[in-house]
1. Please report M60, M115, M30 as a ranked list, fewest other C-beta atoms within 10 angstrom at the top and most at the bottom.
2. If each Cα of the range 71-110 is one equal point scatterer, what is log10 of I(q)/I(0) from the Debye formula at q = 0.18, 0.19, 0.23 Å⁻¹?
3. What nm value, rounded to one decimal, do you get for the distance between E160 and I15 when each label is placed 7 Å out toward the C-beta?
4. What full-extension length gain, to one decimal in nm, is calculated for N71 and M1 as 0.36 nm per residue of separation minus the Cα-Cα distance?
5. I need to check one value: relative contact order of the chain, counting alpha carbon pairs closer than 8 Å and at least 6 residues apart, in percent.
6. If the chain between F168 and L147 were fully stretched, how many nm would it gain, using 0.36 nm times the residue separation less the Cα-Cα distance?
7. Rounded to the nearest 500 deg cm²/dmol, what is the calculated helix-only ellipticity per residue at 222 nm for the chain, with -39500 (n - 2.57) per DSSP H run of length n ≥ 4?
8. Would you mind calculating the relative contact order of the range 93-138 from Cα pairs under 8 angstrom and at least 6 residues apart, reporting the percent as a whole number?
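What follows draws every value from the coordinates through simple rules; no lab data is involved. Bear in mind that the values here come from a model prediction, so they are computed numbers and not experimental data. Cβ atoms come from the backbone with ideal geometry, glycine included; neighbour counts cover every protein chain shown.
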Amino acid sequence: MDYLIVSDTHGDREILEKLANDYRGKVKAMFYIGNSELSHTDSVFDDFLPVVGNMDMDPMFPDDRDYQDTNINIYIAHGHLYHTEMSLGRLVEAAQAKQVDVVLTGHTHQLGVQMIDDILFINPGSISLPRGQYAFLEGTYAILSVLEDKLSVQFYTRDEKPVETLKFDFAR
């Protein structure tokens, strides 16, 4: 089962629309991890499960979100409410309390994936304003593949090309 993860478009509605059109029916769910700068009523969110980011002015976006299906428990939070720009410490504590398998976060505009205390943390980076060592990719998103024996994360560029050196597998 695959899940699309995208964050930090900062007004770039077209990329969200393109990803929604290209992945609709091909993934189990599409998660938007905040800072769209759009209204929660925008039709693009008919396809995405969004949370609020620090640059979103629409108070109708949820602060965070729990997602569960038969194979996985996921917690989604942009990261600003946990100050992830400083460390993942507060977010790790929240995830442990929720007893989730995966945490999806954004905010830093830097892609990353790591296992902490048997919880997989994924930041897809910013699709529109990337920072850090992978900024040269000009924007990224991620696909989480949930398999019986492993969780796989593949990062992609804005033009939907997989970054071969950014594929990670974690045993379940």
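1. Final ranking by Cβ density, sparse to dense: M60, M115, M30.
2. Evaluating at q = 0.18, 0.19, 0.23 Å⁻¹ gives log10 I(q)/I(0) of -0.44, -0.49, -0.69.
3. Roughly 1.5 nm, to one decimal.
4. Length difference between fully extended and current span is 24.4 nm.
5. This gives 20 percent for the chain.
6. Values: separation 21, 0.36 × 21 = 7.56 nm, distance 1.31 nm.
Full-extension gain reported as 6.3 nm.
7. Working: 2 runs with 21 residues, N = 172.
Estimated from H runs of four or more residues: -3500 deg cm²/dmol.
8. Details: 71 pairs, mean separation 15.5, N = 46.
The normalised contact order for the range 93-138 reaches 34 percent.
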